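Chemist: I'd like to ask some things about the structure below.
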Amino acid sequence: MFCGVPDLAVDGENMLLFEPGDVDTLAKKLELIITDNVLRGKLAEESKKLSSYKFNLKTVTEEVGEFYEELSR
């Protein structure tokens, strides 16, 4: 089961990450994604893959079930 962004996000693979408040890095990453067509395509494709296997109804239902099982112990 995942807990949040750190469990899913891989900088440069399926997302471009930066620290909250770091506007300089945000600007650099925005420029990168705007100008690099190959990277933009890769990020889009990997994000689609992630969403299709991690956020489908079957997976979410199983993870919620596991969570409630853990709570009931």
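The values are calculated or read from the model by the stated rules, or taken from the named source; none is laboratory data. Nothing here was measured: the structure is a model prediction, and the numbers come from that model. In this analysis, Cβ positions are derived from the backbone assuming ideal geometry, glycine residues included, and neighbour counts consider all displayed protein chains. Heads up: the accessible areas ignore ligands, DNA and RNA and are worked out on the full protein's heavy atoms, side chains in. Shrake-Rupley method; radii C 1.70, N 1.55, O 1.52, S 1.80 Å.
Chemist: How big is the charge dipole of the chain about its Cα centre, in debye rounded to the nearest 20, if each Lys and Arg gets +1 on its Cβ and each Asp and Glu gets -1 on its Cβ? Don't skip to the answer; put the middle values down first.
Modeler: Working: 9 positive and 15 negative charges, 66 e Å.
In total the dipole reaches around 320 debye.
Chemist: Run the accessible area of the chain with a 1.4 Å probe and give the carbon-and-sulfur part as a rounded percent.
Modeler: Values: 3450 of 5710 Å².
The computed percentage sits at 60.
Chemist: Normalised by the number of residues in the chain, what is the relative contact order in percent for Cα pairs under 8 Å and 6+ residues apart? Kindly include the intermediate steps, with their values, before the conclusion.
Modeler: Numbers: 27 pairs, mean separation 20.2, N = 73.
It comes to 28 percent, rounded to a whole number.
Chemist: So with the 1.4 Å probe, I'd like the accessible area per residue for the chain, rounded to whole Å². Don't jump to the answer; show the numbers that get you there.
Modeler: Numbers: 5710 Å² over 73 residues.
Result: 78 Å² of accessible area for each residue.
Chemist: Helix 57-72: angle to the longest alpha-carbon principal axis of the chain, degrees 0 to 90, nearest 10?
Modeler: That works out to roughly 60 degrees.
Chemist: Can you tell me the 0 to 90 degree angle between the C-alpha axis of helix 23-35 and the longest principal axis of the chain, rounded to 10?
Modeler: 80 degrees
Chemist: Okay, moving on. Total Lys pairs in the chain closer than 19 Å by alpha-carbon, pairs eight or more apart in sequence or interchain only? Numbers along the way, then the final one.
Modeler: Working: LYS28/LYS42; LYS29/LYS42; LYS42/LYS54; LYS48/LYS58; LYS49/LYS58.
Lysine pair count for the chain: 5.
Chemist: Using modelled backbone amide H atoms (1.01 Å from N, in-plane), which distant-in-sequence or interchain residues come within less than 5 Å of MET15's amide H?
Modeler: Those lying under 5 Å, H to H, from MET15 are VAL10.
Chemist: Can you pull the three principal axis extents for the Cα set of the chain, in Å, largest first?
Modeler: 49, 26, 12
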